[in-house]
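Step one of this worksheet: look at the structure below.
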Amino acid sequence: MKTMQCMALVILLLAPFSALAEDAAISEATSECLDCHATIHPGIVNSWQSSRHALMTPQAALAVDELARKVSNPDAGANMPNVAVGCAECHTLRPQAHADTFEHNGYDLHVVVSPDDCKTCHLQEVDQFAGNLMAKAFANLDQNSLYQILVESIIGHPQIKQHKIEFQKSDEATRAEACYYCHGTKLAVTGTQVRDTEIAGELAFPVIAGWPNQGVGRINLDGSTGSCTACHTRHAFSIAMARKPYTCQECHVGPDVPVYKVYAASKHGNIFATKHAQWDFKPVPWTVGQDFTAPTCAACHMSLLVDTDGNVIQKRSHQINDRLPWRLFGLIYAHPYPRSPDTTIIRNKDGQPLPTDFAGGFAETYLISPEERAARASLIQQTCHTCHDSSWTKGFWSRFENTIETTNAATLTATQIMQTIWKSNFADPDNPFDEYPEKVWSNVWLFNANTVRFASAMGGGGDYGVFADGRYQLSKTIVELNDWLEMRRRLK
Amino acid sequence: MKTMQCMALVILLLAPFSALAEDAAISEATSECLDCHATIHPGIVNSWQSSRHALMTPQAALAVDELARKVSNPDAGANMPNVAVGCAECHTLRPQAHADTFEHNGYDLHVVVSPDDCKTCHLQEVDQFAGNLMAKAFANLDQNSLYQILVESIIGHPQIKQHKIEFQKSDEATRAEACYYCHGTKLAVTGTQVRDTEIAGELAFPVIAGWPNQGVGRINLDGSTGSCTACHTRHAFSIAMARKPYTCQECHVGPDVPVYKVYAASKHGNIFATKHAQWDFKPVPWTVGQDFTAPTCAACHMSLLVDTDGNVIQKRSHQINDRLPWRLFGLIYAHPYPRSPDTTIIRNKDGQPLPTDFAGGFAETYLISPEERAARASLIQQTCHTCHDSSWTKGFWSRFENTIETTNAATLTATQIMQTIWKSNFADPDNPFDEYPEKVWSNVWLFNANTVRFASAMGGGGDYGVFADGRYQLSKTIVELNDWLEMRRRLK
Amino acid sequence: MKTMQCMALVILLLAPFSALAEDAAISEATSECLDCHATIHPGIVNSWQSSRHALMTPQAALAVDELARKVSNPDAGANMPNVAVGCAECHTLRPQAHADTFEHNGYDLHVVVSPDDCKTCHLQEVDQFAGNLMAKAFANLDQNSLYQILVESIIGHPQIKQHKIEFQKSDEATRAEACYYCHGTKLAVTGTQVRDTEIAGELAFPVIAGWPNQGVGRINLDGSTGSCTACHTRHAFSIAMARKPYTCQECHVGPDVPVYKVYAASKHGNIFATKHAQWDFKPVPWTVGQDFTAPTCAACHMSLLVDTDGNVIQKRSHQINDRLPWRLFGLIYAHPYPRSPDTTIIRNKDGQPLPTDFAGGFAETYLISPEERAARASLIQQTCHTCHDSSWTKGFWSRFENTIETTNAATLTATQIMQTIWKSNFADPDNPFDEYPEKVWSNVWLFNANTVRFASAMGGGGDYGVFADGRYQLSKTIVELNDWLEMRRRLK
């Protein structure tokens, strides 16, 4: 009891919004959950207890001023009981919709809470996220025949077959732990298991294939896609955590998308590292200059930003690409952003399911127009301008677009060598990813050209633009590929 | 004087346990040390001054409740004077036992404080640590003939000899700075040196070969092994520091054991990075959900954990392997944990001093049984359950054990290629680690398979499971090895 | 208004020196700047508002005690108005000197503030920095014909020409974003651009080639070199930030100079990571043991350090090399520090513009003498001694100098192989950096030998001394180079 008082004091000191805590009663159902689970799972229960969900009702959350409002579904008050958002409130939502709903101590509850559950309060965020490439991360990988060849050439089981390495199809556990750890797995209920629990004796639980997983494009048991907990970590679901770069690092540390490393070594990252203990990551809207003085990933890509007079600089968006003119991640070249989050529909001029062809041409039908690119560039630059003048931003941006061109040109050089290798029968293009020269070639576009572009995008460079998987390795790898080819030519 | 008061105030504000400070008198001997060394070495003296050692006597430390007690030797009160544990208390302990004991201003003191000194108060911790693989880190490397070949093929002096690179024996300084920096050096007194000191004129000091070193398996001048300061950094010896992942990073940042990087990019690491400024790293026992809400290295592997009702979840252990069923670090395959911390006794079926043979078979006589593995798995999962339910833990664990199998299988494929290379006389198996294909092969098991396993063990994956020294590089390296072989076959 | 009061309160609580704030009036000119820019650029304005510049006049700054004084120009009081150092105070300094001076709302202001502006108050720091290798970072790279061949072999545009990769000259944007991002660009006004601004209608601004840039050796528009904002980040110019290792990480994260990574994994870095939230990074002088208990980069290389009695341990220096006996960065070998910051004057015995010849000999005329090396070693060791005794420091230092020798010897072995390759016409030495074996050879000295040396210099080792770009990769790369040679020999 004394501990609880003490903790309450700490919360009062740290979290101004806890003034609202007195309004948020805990439902009887959630109380029952807590009776056992507070002791069994003290870690997550405590995370929840100090979260906004535990301290506020949906009704109170709806009543705050529009810019500060976090609940975007106007029906949230009607949809939800007037209690704190506790265990039962989420895990018993829409029981008929979830294939993993099971009877547990008198309640119909489901294990995997989905975006379609979260949408009961956070409608706009879920809808926006659905327009995001990440929402389709499962299918975009799983339903693309060419990417599947790449996947299996990386995570398949290597076997020696007639003097070659053959990759035999990967098993489900490996898929779930490798690519689909971030992309999201496809969940499925495969049965029921009875376990003898310490507290309540024998209880039955659903067995779920693909579980656990928190990938951004997870296929859920109610048919929805995505996992809000990828970024809004259970069970605090803290906006403060999602706004820090550590969250993005979980999937973007490299060398394919080394943005966390690039950020950490950038001027922005330096300011963040030095100063963020004095910043406030909780306010909505988020005031540039007052709450923070250098951007994190969220500040540029998602957050609702205002200036110190309260004027909106950027609207909140969970559709990250509405500020992104280019897709830097080279497949195999960087290219204008896809129009649709579903990239499985894309075909390049050679019929391949790729946004660019091997000669570097864009599959323009499926990609945004130059006008849309200009509009998006202009939109994200509004954030730059909160600290930088036009000449700075313009100088930075023209270098960035030059780097997209030059790295695509370098990738083309590497691809021309690779095509000579294929034409010379030194490698088999049927699987373009499984032989040694092909793996050298992959390094060029998947790691080196990407690293250079991300370094450029996030401030200009430093080591990631040159020595740390950047232009040094880009040039070396192309030369290695050519050296390999020339050796085979001599032996022909 | 004003500064000291101010500092005292700071200490009072920051460290609740300083209420005990008034009890801890400083011995006359330590006062004499401080008279000079407080000015000569202000860094370490201040670290000590704000440490528990400076604020508490062994007698007071013994009097606290059992779960909270940090002094495990019941004789500590009798063994030690009733004063703060200062410079003299440790550096004059057991003078006859230490080869580096020398007369210094009227005291017989030694430079290198050893675990056998620490054990005067911290008996259980030292005894437990002795059962740890790390306690034997010096001999396990130094006395293993095969590992020594590997060591010298890495840190030996490369020379061109008849068109080959020959590695000439490494010098002592290099050994101390390379492998033995973490494994620990063997200390030896080699003489005495007289130095003209600013404060006290000419003084004699012992000359110690292998010094400085703080490696976990250091051979000390009293014959004991280990160095508590490897983790409990001098001269604060802070439990809070040892519980943070930065301590483990000193030796485990990769790519052989990239656990710090993996942790930093994991969900656990994200929560730690975002939240730890609000956590309390000092309490013993350590309460899950109250003191912290996501595990650090120590929480899973060493610390005494209780739930919010004070029930013990895990006992403190300095024998880390009592919660580890598998040794993930591949030599050359991952394998069940060795029974004894002394791995020099292990012989595989081919007579090699390795826990597995080159075909992947386990040297079972020397490794723990499946039953013991199951018991250890069950023990460490108790920590998982403080935040995760059984279905989560089970799903995670089955993927993890699958990954041990698949990475061992990939290592076998690489080893089969390597054996063909040896049989074909394209490389000489007498030293299996010094030629180019052998170094490519080493990458497979030493870096790539290990990285994949550690990524799996610590949450599932992310980039370290695939693109960052993970499966991408694992597959590429195997293909490179085969490519090398095929080229030699063509030229045969 | 309420927000401003609240912010003031926060500032009072956080920054004791703000007691002086009442003295610092804001000039009319700066007020006019703020009228618009506080809303347009809230990020930088707020950074400035909480900075010492905003809270203190140059006159007040001059009046503090000598050791605590940050303004080293005795004429600062006469040079500058008795107001806070705001936008106008710096951006209108010396208008005739700056090529980018333009009329803006009635003021003659320039975009790029230079060290020669900063020197109006911070004379000594600017003068010292000019003696630093970094101050010449532009010319030392740009005017060295051999380094330019290396640069273009990395950042040039790779093209296939007669079965070889030819690097066509890099474009300006790439140069500015790659090497010159850290080294500094050469700025030049190329014209004027009129922009239609939201607040003030059409305004004319200078167009500046090479902008933005904050590289340490930037060639400024007043002819001066360097950029104080490389480390003293705009617009807080915080000494606290410059003293944290994150600042150095911006250019030194590796693998050529991986010092941030090495530091993070060192004992010093562990203490910093664990403890720095309780340290005070602002005081001048900086008291070892009281303000901090483990060094950051600045503590060893730049800062004014005193002991707890106020005795000076190290003087402040912005000429970093006055404590550096060796240049560890191998070009192509580590070597005694150059005498002059201008390294373009150096010629080795073979006439190449390199501090060492390819056989490892030092270009001694241009490098400091053994006596000077000893003096510098002794100077930096004074900092070591604030925590370590002589035997520790001596042991550490002798290993460090041994490592310089052994890594130079390994580089020699690699270079001998490379010379055989050149002599055998397997590669063309005219450009010694653009073919595959040459790029393998570059890895040896540019990445691996450097990493080993920096790991040694900063505490002894850990993974960066062995497995993480260290001796493991050093040995592997040499063996790879030899393997490449032997294959060509067989085919000859």
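The values are calculated or read from the model by the stated rules, or taken from the named source; none is laboratory data. Remember, it's a predicted structure, so these values are computed and weren't measured experimentally. We place every Cβ from the backbone using ideal geometry, glycine too, and count neighbours over all the protein chains shown. Note: accessible area is taken over every heavy atom of the protein model, side chains too, but ligands, DNA and RNA are not part of it. Shrake-Rupley method; radii C 1.70, N 1.55, O 1.52, S 1.80 Å.
Tabulated data for the structure shown
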read-out: Vicinal HN-Hα couplings computed from phi for the range C:468-478 (Karplus, 6.51 cos²θ - 1.76 cosθ + 1.60; Hz; Gly/Pro x); value: 9, 6, x, 5, 4, 6, 4, 5, 5, 5, 5
read-out: Accessible area buried at the A-C interface, both sides summed, 1.4 Å probe (Å², nearest 100); value: 5700 Å²
read-out: Net charge dipole size for the protein assembly as shown [Lys, Arg +1 and Asp, Glu -1 on Cβ; Debye, nearest 20]; value: 2640 debye
read-out: Violating pairs (Cα-Cα greater than 20 angstrom) within the set C:Lys349/C:Lys439; C:Lys70/C:Lys282; B:Lys169/C:Lys476; A:Lys70/A:Lys186; A:Lys164/B:Lys423; B:Lys161/B:Lys186; value: C:Lys349/C:Lys439; A:Lys70/A:Lys186; B:Lys161/B:Lys186
read-out: Shielded by partner chains, the range C:389-416 residues - at least 30 Å² of accessible area, 1.4 Å probe, vs chain alone; value: C:Asp389, C:Ser390, C:Ser391, C:Trp392, C:Lys394, C:Arg399, C:Asn402, C:Thr406, C:Thr413
read-out: For C:Arg339, net neighbour charge (Lys/Arg +1, Asp/Glu -1) across residues whose Cβ lies under 14 Å away; value: 0
read-out: C:Ile219 long-range amide H proximity, modeled H, under 5 Å; value: C:Thr185, C:Lys186, C:Leu187, C:Gly226
read-out: The protein assembly as shown shape via C-alpha gyration tensor axes, a/c threshold 1.5; value: rounded
read-out: Computed over the range A:162-206: relative contact order in percent, which uses C-alpha pairs under 8 Å that are six or more apart; value: 22 percent
read-out: Cut-off under 5 Å, modelled amide H: who pairs with A:Thr197 long-range; value: A:Glu202, A:Leu203
read-out: Theoretical ellipticity at 222 nm over chain B - DSSP helices of four or more residues, -39500 (n - 2.57) apiece, nearest 500; value: -12000 deg cm²/dmol
read-out: Apportionment of accessible area to carbon and sulfur, the range A:298-389, percent (1.4 Å); value: 52 percent
read-out: Accessible surface, the range A:33-103, averaged per residue in Å² (probe 1.4 Å); value: 43 Å²
read-out: Rough spin-label spacing in nm, given labels placed 7 Å along Cα→Cβ, for C:Lys315 and B:Leu67; value: 5.9 nm
read-out: Listed residues C:Lys261, B:Lys394, A:Lys244 arranged by accessible area, highest first, probe 1.4 Å; value: B:Lys394, C:Lys261, A:Lys244
read-out: Between 0 and 90°, nearest 10: helix C:2-14 axis offset from chain C longest Cα axis; value: 60 degrees
read-out: Cα gyration tensor shape of chain A, rounded if a/c is under 1.5, else prolate or oblate by comparing a/b with b/c; value: oblate
read-out: FRET efficiency, B:Asn425 to C:Asp430 (Cβ-Cβ, R0 30 Å, nearest 0.05); value: 0.20
read-out: Shape of the range A:108-252, Cα gyration tensor, a/c cut at 1.5; value: oblate
read-out: Phi to ³J(HN,Hα) by Karplus 6.51 cos²θ - 1.76 cosθ + 1.60 over the range A:175-192, Hz, x for Gly, Pro; value: 4, 5, 8, 9, 3, 7, 4, 8, 5, x, 9, 9, 7, 7, 7, 10, x, 10
read-out: Area of B:Met134 that stays accessible when all protein chains are in place (1.4 Å probe, Å², to 10); value: 60 Å²
read-out: From phi via Karplus (6.51, -1.76, 1.60), per-residue ³J(HN,Hα) for the range A:435-449 in Hz, x at Gly/Pro; value: 9, 4, x, 5, 6, 5, 4, 4, 4, 4, 8, 7, 10, 6, 5
read-out: Long-range amide H partners of C:Arg327 with built H, under 5 Å; value: C:His335, C:Tyr337
read-out: Filtered GluC sites (Glu not before Pro), the range A:179-259: DSSP coil and at most 14 other beta carbons within 10 Å; value: A:Glu198
read-out: Degrees, to the nearest 10: A:370-384 long Cα axis against longest axis of chain A; value: 50 degrees
read-out: Degrees between helix B:28-40 axis and first principal axis of chain B (Cα, 0 to 90, nearest 10); value: 60 degrees
read-out: Dipole magnitude of the range B:436-492 about its Cα centre (Cβ charges: Lys, Arg +1; Asp, Glu -1), debye to nearest 20; value: 280 debye
read-out: Area of A:His41 that stays accessible when all protein chains are in place (1.4 Å probe, Å², to 10); value: 20 Å²
